[in-house]
1. Which residues in segment 511-540 have a backbone N closer than 19 Å to a point placed 7 Å from the Cα of Arg46 along the Cα-to-Cβ line?
2. Enumerate by residue number the trypsin sites (Lys or Arg not before Pro) in segment 82-164 meeting two conditions: DSSP loop (anything except H, G, I, E, B), and at most 13 other Cβ atoms within 10 Å of the site's Cβ.
3. Towards the positive end of the charge dipole of the chain, with charges on Cβ (+1 Lys, Arg; -1 Asp, Glu), say which of Trp179, Phe226, Ile421 has the farthest Cα.
4. What number, rounded to the nearest 500 deg cm²/dmol, is the helix-based mean residue ellipticity at 222 nm of the chain, given -39500 (n - 2.57) per DSSP H run of at least four residues and division by all its residues?
5. How big is the dipole moment of segment 543-671 about its Cα centre under a simple scheme where the beta carbon of each Lys and Arg is +1, that of each Asp and Glu is -1, and everything else is neutral? Debye, nearest 20, please.
6. Taking only C-alpha pairs under 8 Å that are 6+ residues apart, what is the relative contact order of the chain in percent?
7. Length gain on complete extension for the stretch Arg301 to Arg13, per 0.36 nm per residue less the alpha carbon to alpha carbon distance?
8. Can you tell me the dipole magnitude for the chain around its Cα centre, using point charges on the Cβ only (Lys, Arg +1; Asp, Glu -1), in Debye to the nearest 20?
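The values are calculated or read from the model by the stated rules, or taken from the named source; none is laboratory data. Please read these numbers as outputs of a predicted model, since none were measured by experiment. In this analysis, Cβ positions are derived from the backbone assuming ideal geometry, glycine residues included, and neighbour counts consider all displayed protein chains. Just so you know, the surface numbers come from the protein's heavy atoms only, side chains and all, with ligands and any DNA or RNA stripped out. Shrake-Rupley method; radii C 1.70, N 1.55, O 1.52, S 1.80 Å.
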Amino acid sequence: MLAEPADAASHDRILARPDLIFEPKYDGIRALVQVDPDGPDGPLVRIFSRQGNDKTGEFPDVAEPLARFARRLDGPLLIDGEIVAVDGRGTPVGFQHLQGRLQRRGAAARRSSQAVPVAFIAFDLLRDGADDLRACAFTERRRRLEARLRRTGSRTVRVAPSTSGGGSRLRRRAERRGWEGLVAKEPQSRYLAGRRHAAWRKLKFTRTAEFVVGGWTDPAGARSGFGALLLGRRPEPDPAGVADPRSAATPTPPLVFAGQVGSGFTQADLERIAARLAELAADRPPFADTPAASGGRHWVRPVLVAEVRFTEQTFDGLLRHPVYLRLRDGESAAGGPAPPSDPALGRLLDTVADLEQRRARGALVLPDGARVPVGNLDKVFWPEPGITKGELLRFALRIAPYLLPVVTDRPLVMKRFPNGIQGKSFYQHRAPDTLPDGVRAASVPEHAETAGSEVPYLIGGQLQTLAYMTQLAVISQDPWFSRLPSLTAADHVALDLDPPPGTPFARVLDVACWLHDELETLGTPSFPKTSGASGLHIHIPLPPDTPYEAGQIFCQIVATIVAGRHPDAATVERSVRRRRAGAVYIDYLQNIYGKTLAAAYSARASAFAGVSTPLTWREVREGARGGLDPADFTVRSIFTRLEQVGDLWAALRASEPARLEAALAYDRRAR
């Protein structure tokens, strides 16, 4: 059962109700725990995530005290709760501390349990012996939970604190202690499995915002890297509207100090951010007034932006209970977007902008001297965000260092949008008869085993080809899975997750996580990326000289196993009419000779101008809990992400290949 979010305007009303039961809202992993004293081999403990994944092996430090507790029971229990990371005093801390615990089993799980201790905090009881309690009132379930777990004999297994009424007082306590929020529950509410219902309401008290990093303090004690980041915000714009922040003659306004943040950092964060701060060190503070801070202070050029969670801001603008979330490169010292570091690229972008503004035709002269004619750059391709063909061309020129290695030596299928994404589009395989200087084309057999079927295709990998295709109104780069000269051997395959309309992206991510679990079991490396629209692609590197058919069978086995285990959420049924409502289609049939998917870093014809963006598996798993939106990755936002995370897709090209024979043995076991 899930809690309904309560909007901030309703908080006071909910907190004032004397009949509601209030509990802390924890920032961890929701878990159902099965405890049975009479398992086949002694006491049985199994820990399941919300998605039904078995997490027992990842948390031996939870499973073992539960197994000892089970010996004292006279019947099985099914307990609902949360696994949270805790500090040295046993106090729950944020989810980011749990990230190093995920997907580790065996010896690795035990090592990580020493570094990051956790606790299982129970807040509901669904089964007590032979009794199914879901139809009982919450107060009855809670009474039996407390009776059963009163003496677990472990600090790791505990019951969530709960109070009847007193919500406003509890809120003040939550804010003092930096809790994420509260959950308010109707005393008579039944447990509605698999549903989100207003009988449970979650009240989040913290806020998030972005602040410019202006400096740091020295670390204290055993801490390394730095103590805290000194944060600021840009002052309000000039009300007269005279200053032009893009003008080099306009001085950068100093930052207004907003406080400092020293919590929420992992050790890896401390090391990575400290190195970045050292690169940006400055002699003078960027703040209007030099802030007071404990420990030695150091200054940086104000180009980094930190996202921070906090409870509120004081009257003088300082943050209360700030917790670091993430860091990105922000604005340049001039207050606007950082200019391209490559002067040649800067000149090309200026040329495109000038031609677009004048509605003129012209030619781009590329660094190697090749000329690409361009025109109609003012035509709007994406009406909703107002993105023109000229902006698409500027995107293509900037993304080229990341995109070109993805498509090098691969035949490209063109889907052209002459009048933008809302106009008619068409596919084109054959390259035009006349091509600009340096644009590469090659004769390619359209059918692997059919003689005389050769067609000239554009071949990816060169900037002039990318620019020329953009001039032809090709929005996405759709490469083959194989390269010249070995076109009959795929060097990677993909699982294409295609949700039906209206399906939450979190469900797509759930299916991706299940596929990743199976691939991990096989020891198979895999690399996820957004499709640039509503789906997700999972790419798998193959051994050299792998036939297309072998790669497709590998994907079919994995997809079929996942669809069989999660039939309500995933399917391999090709017929749309025969699929279950809301089931995500796992398409493994793209992996045949001549088929294509949009390349990583390619723009897409989605309404929000999406970009097919590589993700980490950690982002996928966190996103399955909510908050990851494909619309966050667009032709306008992608470069900020690249500055922050770099080229995640390069790992696919450097990866060890999959062992296809492992899937055959695994398939037999799964059957």
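1. 514-515, 517-518, 521
2. Here the trypsin sites (Lys or Arg not before Pro) that fit, given the DSSP loop and packing criteria, are Arg89, Arg150, Arg151, Arg155.
3. Trp179
4. -8000 deg cm²/dmol
5. In total the dipole reaches around 540 debye.
6. Averaging sequence separation for qualifying contacts and normalising by length gives 9 percent for the chain.
7. Full extension of this stretch gives 99.2 nm more.
8. 1920
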